[in-house]
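Here is the structure we will look at.
The values are calculated or read from the model by the stated rules, or taken from the named source; none is laboratory data. Fair warning: this is a prediction, and the values are worked out from it, not measured in the lab. Reconstructed Cβ throughout: ideal geometry from the backbone, glycine too, with neighbour counts over all protein chains shown. Note: areas computed on protein heavy atoms with side chains; ligands, DNA, RNA excluded. Shrake-Rupley method; radii C 1.70, N 1.55, O 1.52, S 1.80 Å.
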Amino acid sequence: MSKALEGVKILDMTHVQSGPTCTQLLAWFGADVLKVERPGVGDATRGQLQDIPDVDSLYFTMLNGNKRSITLNTKSDEGKAIFTKLIEHCDVMVENFAPGALDRMGFSWERIQEINPRMIYASVKGFGPGPYEDCKVYENVAQCTGGAASTTGELDGMPLVTGAQIGDSGTGLHLALGIVTALYQRNQSGRGQRVTCAMQDGVLNLCRVKLRDQQRLTHGPLTEYPQYPNGEFGEAAPRAGNASGGGQPGWIVKCKGWETDPDAYIYVIAQAAAFEGLAKVIGHEDWLEDPEWNTPKARLPKLDHMFSEIEKWTMTKTKFEAMDILNPLNVPCGPILSMKELAEEESLRETGTVVEVDHPERGKYLTVGNPIKLSDSPVDVVRSPLLGEHTDEIMSELGYGADEIAAAKNNGAV
Ligand SMILES: CC(C)(COP(=O)(O)OP(=O)(O)OC[C@H]1O[C@@H](n2cnc3c(N)ncnc32)[C@H](O)[C@@H]1OP(=O)(O)O)[C@@H](O)C(=O)NCCC(=O)NCCS
């Protein structure tokens, strides 16, 4: 079966996480991704957080599946000539270097358009144009500058970053959408275009509901936040602990075994429509007739008391037992699943969301497959390439003969 992006060639200049997540997605959709890496060095993540000495790290292998690797020194004259050929040969170029790095190599957007007017040139940067445009940015910097950290954490605690890589992988995802949109427009216009995505913008986009709350705050307290009605609201949307953020109250409560298992918890949403079943199952049928409890408005000022009563019940059940009992009652809930549990979850293996691949140096490793499922474009997750594994192959596809490839190796261009 053919794949959605078959025939699309991607010149992948990305490194670390944000850019590589984008090009890995495009590769899963069938694009031919040529990852350009510095000779002898490669993407820095190959050597970062290594769990096996001298073997490409999981950081690298889990973000660079289904790509081909060519080493190329884009700063040498010979390397620049090969790079120019690659620009002619490809449809999309993706990079996430520090601001200005490609211009310093001599490949400005104007120059790239001269070489290939159909080229789509996509970049991730930390910030868009403005006071911080020249700054280097990593994941947690983006979480802090995009509004996630100021709105995450305990009510009276410090700002917190989240384990979800919303700055890096989140922006990679945004960029991938920009790229396929530009490819679609190119079908009509015949022209490439510049696609840029700032990590600050990507994080803020994911924190949209918090900017919503910022504006609501000017019209009164945020009644679904745990600060209401007893705490104080300041001038900015506050941290809300584990409150649900939607119109239905939710919280994380302890389950059986919490004393020794750090993940023995479940998230419970006390949705109004399912409140009767929830009240009955936790042994609070009395709430159903009591005007102090039987409307969402009456419960709002005492949500902490309500969740502590729910917790008395959940502490008698494992998180999976609680899930099995609450779901048929239409109470939305979710056990706190550990990475160990997710890695072992059979249903995720069956859908290709968790995939085991084999690597010639590392052996078998787990990776997260494509979370986006297309019915007409199957995904075969393939291991990441070794550094320069496809240099000869790609050079010959560009039209270089064996002697020229040998010469390029001799002068250090590849
Ligand atoms: C991630 C980041 C902070 C890393 O910074 P860094 O390790 O200092 O790496 P840089 O991007 O500055 O690139 C290093 C240099 O290698 C050079 N280089 C990269 N590939 C090369 C190649 N194949 N041949 C020759 N030189 C190469 C670059 O041109 C750059 O040189 P310069 O500083 O002389 O311009 C930075 O790239 C960045 O801010 N990127 C944008 C935001 C982003 O994506 N952040 C998240 C990363 S997960």
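Summarising the overall dimensions of the stretch 74-184 from its C-alpha atoms, the Rg and Dmax are 17.4, 58 angstrom. Per 10 Å bin from zero, what fraction in whole % of the C-alpha pairs of the stretch 152-245 is there, up to the bin with the longest pair? The distribution over the stretch 152-245 is 14, 34, 24, 16, 10, 2, 0, given as percents. Taking a quarter of the surface of the Cα convex hull of the stretch 1-65 gives a mean projected area of 4.8 nm². With viscosity 1.567 mPa s and temperature 4 °C, the Kirkwood radius over alpha carbon pairs of the chain converts through Stokes-Einstein to a diffusion coefficient of 53 µm²/s. Residues in the stretch 66-72 carry Karplus couplings, in order, of 6, 10, 10, 10, 10, 8, 7 Hz; the curve used is 6.51 cos²θ - 1.76 cosθ + 1.60 with θ = phi - 60°, and Gly or Pro positions show x. Its Cα gyration tensor gives the stretch 1-160 an equivalent ellipsoid; the semi-axes, largest first and in whole Å, are 29, 20, 17. Solvent-accessible area of the chain (1.4 angstrom probe, protein heavy atoms only): carbon and sulfur portion equals 53 percent.
Using only the Cα atoms of the stretch 293-386, each taken as one equal point scatterer with no solvent, compute I(q) by the Debye sum, divide by I(0), and report log10 of the ratio at q = 0.14, 0.23, 0.24 Å⁻¹. With no solvent term, the Cα-only Debye profile gives -0.75, -1.22, -1.27.
Note on K302 and D77: the model spin-label points, each 7 Å out from Cα along the C-beta direction, lie 8.4 nm apart.
Largest first, the extents of the alpha carbon coordinates of the stretch 260-329 on the three principal axes equal 38, 24, 17 Å. Since only P328, T351, M339 are under comparison, the one whose Cα sits farthest along the positive direction of the charge dipole of the stretch 316-356, derived from C-beta charges on Lys, Arg, Asp and Glu, is P328. Remark: the stretch 191-265 is approximated by an ellipsoid whose semi-axes, taken from the C-alpha gyration tensor as √(5λ), come to 31, 23, 10 Å, largest first.
Across the stretch 94-145, Cα-Cα pairs more than 15 Å apart make up 53 percent of the total.
Between the C-alpha center of the stretch 1-73 and that of the stretch 331-352 there is a gap of 27 Å.
Full extension of the chain between Q50 and Y228 gives 59.4 nm of extra length, using 0.36 nm per residue less the Cα-Cα distance.
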